[in-house]
Every structure is written in C-alpha cells, then in structure tokens.
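Presented below is the structure to which this report refers.
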Amino acid sequence: MDSESKPIIGITTGDINGVGIELVVKAFSNSKLNEYCTPVLFGNNKAISFYAKGVNKDFNFSGCKDLKKLNHKKLNVFNCWQEEVPIKPGKLTPEGGKYAARSLEVAVQCLKDKEIDGLLTNPIHKKNIQGPNFNYTGHTPYLRDSFEQDDVAMMLCTDYLKVSLLTEHVPITDLERHINANAIISKTQIIHKSLIEDFGIDKPKIAVLALNPHAGDDGLVGSEEKDIILPAIEKLNAQNILAFGPYAADGFFARQRYEHFDCVLAMYHDQGLIPFKTLDGGEGVNFTAGLPVVRTSPDHGTAFDIAGKNLVDESSFLHALYQCIDVINHRKGYKSNTANKLQRGLWKKKMKKSKEDVEQD
C-alpha cells in the first residue's frame, strides 16, 4: 500500500504514567503495521524514548513538527510539548493527567483540521485528567462536544459481538432519569446508521435489553419494559429499523442469543460490559458511533499496576488500530456507493424492505 492511500492514524498517549505509550512501542516494534497506516503519536520524543528502553531498545521513530512532512515507514511522534516532564510509571501524578489532556486536545484539533484520518485514544485516568480543558466522565462525551454532536453511542466491538450502551458512566442511583424512550430511539438510530456505514452491514438487527430482572415479569418487578422500552422499539420498527426486545440480560447472554444480532443495546454500563469483557478474549475495542470522524480505543484502562514493566498485552490496542483503518475504508466505500441520488434511492429502498426479509428468514 503506497503512502497516498494509507490512512494517517493519530494516537494519543493517554495518562503518561499508564500503559498507553508502552502499548505504542510494543505494537509498532512490528514494522509491518506501517504497511497499512501512517501512525502519529501525539506526545513527546523523550516520553516514548523512556518507555522504549524497557520494551525495545532498538525501537526507531521519527520526530516531527509538521504533519505534512511525515515519515510513512515509521511511527511519527508529533511533539505536543517540549518541557521536561517527570514520568513515573504506575503513579497517579498531576502531570499524568495534564499531558494526557494536552495530547488529546492537540490530536482532536488535527482531526478537525483533517490533518489525520482517524484517532486511536489510549487510556486515561478519568479523575486525574479533570481540568480546565477536560470536564467529562470519559473520551466519549468529550468527543461528542468537540464535534458538536447532539448524541453519540459508545460501542464495544469484537468480530463476533458488538455491545452499545444507553447510559455510560452514570451512577446506578441516577439511572432512572436517563432511561426514556427518546434516549433509546436516539441511540438505536445512531447504532443502526453506524452498522450500515461503518461496518458494511446492509440490514442490521439490534437487540435491546430490558432494565429489570426477567424483563420486568410483565410489570411484577418493574414497569420500564412495558412503559418505556417496548414503545420505543415499536417506534423504531415503524422507521424500518430492525430493533427487537426487550430481552432479559442474563438469559440473553447465557443462551448466546447475541449471536443472532449485529449489536446489543444495554441499558447501563455493567449490564453490557460485564458480559462483553467476559467474552471478548482481551481483543475488545471501544468505538464511538455517531461522530463525523473515526475514533477507536483499547477496551481497558491505564493498568497502573503493570505500567512500565513490559507486561501489558497489546492485543486490544492492535484491534483498535485495525478497526480504525477498517471503519475509515468502510465509510469511503459507503460514500462512493451512495454518491448520487439514484444510488441513494436504491439504498433506501433496500433498507425499507429489510424488515420483511428478516421476518421471512
């Protein structure tokens, strides 16, 4: 693949005392990755050199100050700061959060300016990163506001399972006020559109989980299923979106019913992520659906307990990189296939017929 066709993938450091930079060194020690993309780490030469000593002393990278002059055969490091910054692997320090925010801010601006084609974000410590330029519970709402979107959807992905969340980092005690029909409809519409445009699935089927045990037992242990979730599903069906449910979460995953759907919408964080992380084999990817740009992330945290010890597994990082490249290519293909009115009309007609086709399967 020549440099003209390779996507430029921006990568943030995450917390500089976590495993983010270490993951970059481990992954790009395999030079074959440079055949598929041109990687750019938004960080600092000294920071990556620090971690390279413990992973691969012969690791080569190219420092740069101009994204128009990239080395397409190596990892590029775009220097976001020049000052000396103490790096203390595994420690929670003010610098860890401050420079994670700096890396993210610069990378997002470059994404807005179309200087990079996609973004892979490394893990942050959600409390430590809080500051004047970051007052969010995670990357997802930060990116939503950065790109002025009304709503986006966190989607956890493997090749065989995709789980999205209605509510993300919300305390259990606050769930009730976040679960409503409009929210379910909005998230499912985003998921549906993303599965078509970002993953190339012609007629996606989406499972919606219940909130209460046993899907409410017909109102005996909760009425949200009857009053909120089912009416939302019916409205989605009227829009030719193949949404089904609500399904009781325990039986849904225990009986592998997820295998019959392209994505599962969970009502809250642990309802979706506990089964996902149990099943993902360490290869899960966090993808933000609904953005005008492509963003992925490894599906794990800063791992302070093993940071700097050359123990971190780069599998999730690599899958996040591959998925970032794949989604960029899927979006290009979708735009090409729907470039004129006739093609768009045929596409819409195909989608309208999809519910009938699935019911006949």
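Of all residues in the stretch 288-312, none satisfies the criterion of being over 19 Å from Lys114 (Cβ atoms), of a type in the set (Lys, Arg) and crowded, with 21+ Cβ neighbours inside 10 Å. Go over the candidates Asp117, Asp66, Asp159 one by one and state the one that is out of contact with any strand residue (DSSP E or B) (no Cβ under 8 Å at 6 or more places or on another chain), within 18 Å of Ala320 (Cα to Cα) and not small (Gly, Ala, Ser). Of the residues listed, the single one that is out of contact with any strand residue (DSSP E or B) (no Cβ under 8 Å at 6 or more places or on another chain), within 18 Å of Ala320 (Cα to Cα) and not small (Gly, Ala, Ser) is Asp159. State yes or no: is Gly245 among the small types (Gly, Ala, Ser), assigned by TED's automatic domain parsing to the domain that holds Arg177 and modelled with pLDDT under 95? Taking the combined requirement at face value, the residue does not satisfy it. Examine the stretch 216-233 for a residue that is among the polar types (S, T, N, Q) and more than 16 Å from Glu176 (Cα to Cα), and state whether such a residue exists. No: zero hits.
Exactly one condition in (1) at pLDDT 95 or above; (2) part of a helix (DSSP H, G or I); (3) of a type outside the set (A, V, I, L, M, F, W, C) is false for Lys355; which is it? Of everything listed in (1) at pLDDT 95 or above; (2) part of a helix (DSSP H, G or I); (3) of a type outside the set (A, V, I, L, M, F, W, C), Lys355 misses just condition (1). For Leu211, the conditions (1) in a helix (DSSP H, G or I); (2) closer than 18 Å to Glu176 by Cβ all hold with the exception of (1). Screening the stretch 1-36 for residues that are assigned to a helix (DSSP H, G or I) and in contact with a Leu (Cβ under 8 Å, 6 or more places away or on another chain) and picking the one that is surrounded by the most Cβ atoms within 10 Å (Cβ to Cβ) gives Ile21.
Do we find that Gly282 is over 20 Å from Leu104 (Cα atoms), of a type outside the set (Ser, Thr, Tyr), in the same structural domain as Ala243 (by TED's automatic domain parsing) and crowded, with 22+ Cβ neighbours inside 10 Å in this structure? Spelling it out, it is not the case that Gly282 is over 20 Å from Leu104 (Cα atoms), of a type outside the set (Ser, Thr, Tyr), in the same structural domain as Ala243 (by TED's automatic domain parsing) and crowded, with 22+ Cβ neighbours inside 10 Å.
Exactly one residue out of Leu230, Leu220 is farther than 30 Å from His330 by Cα, surrounded by fewer than 21 Cβ atoms within 10 Å (Cβ to Cβ) and at pLDDT 95 or above: that is Leu230. So, in the stretch 313-322, of the ones that are in contact (Cβ under 8 Å) with a residue 40 or more places away in the chain and closer than 16 Å to Lys277 by Cβ, which residue ends up surrounded by the fewest Cβ atoms within 10 Å (Cβ to Cβ)? Looking at residues that are in contact (Cβ under 8 Å) with a residue 40 or more places away in the chain and closer than 16 Å to Lys277 by Cβ, I get His319. Filtering the stretch 37-80 to residues that are touching a Lys or Arg at 6+ places or on another chain (Cβ under 7 Å), over 17 Å from Ser103 (Cβ atoms) and either surrounded by fewer than 20 Cβ atoms within 10 Å (Cβ to Cβ) or modelled with pLDDT under 95 (or both) leaves Val55, Asn60, Ser62, His72.
Looking only at the stretch 194-213, which residues are over 17 Å from Met155 (Cβ atoms) and surrounded by 15 or more Cβ atoms within 10 Å (Cβ to Cβ)? Answer for the stretch 194-213, where residues must be over 17 Å from Met155 (Cβ atoms) and surrounded by 15 or more Cβ atoms within 10 Å (Cβ to Cβ): Lys203, Ala210, Leu211, Asn212. Evaluated against (1) at pLDDT 95 or above; (2) touching a Ser or Thr at 6+ places or on another chain (Cβ under 9 Å), Ala101 falls short on exactly one condition, (2). Scanning the stretch 256-270 for residues that are part of a helix (DSSP H, G or I) and crowded, with 22+ Cβ neighbours inside 10 Å returns no hits.
The values are calculated or read from the model by the stated rules, or taken from the named source; none is laboratory data. In this text the structure is predicted, and so the values were computed from the model without any measurement. Counting neighbours? That spans all protein chains shown, and the Cβs are built from the backbone with ideal geometry, glycine included.
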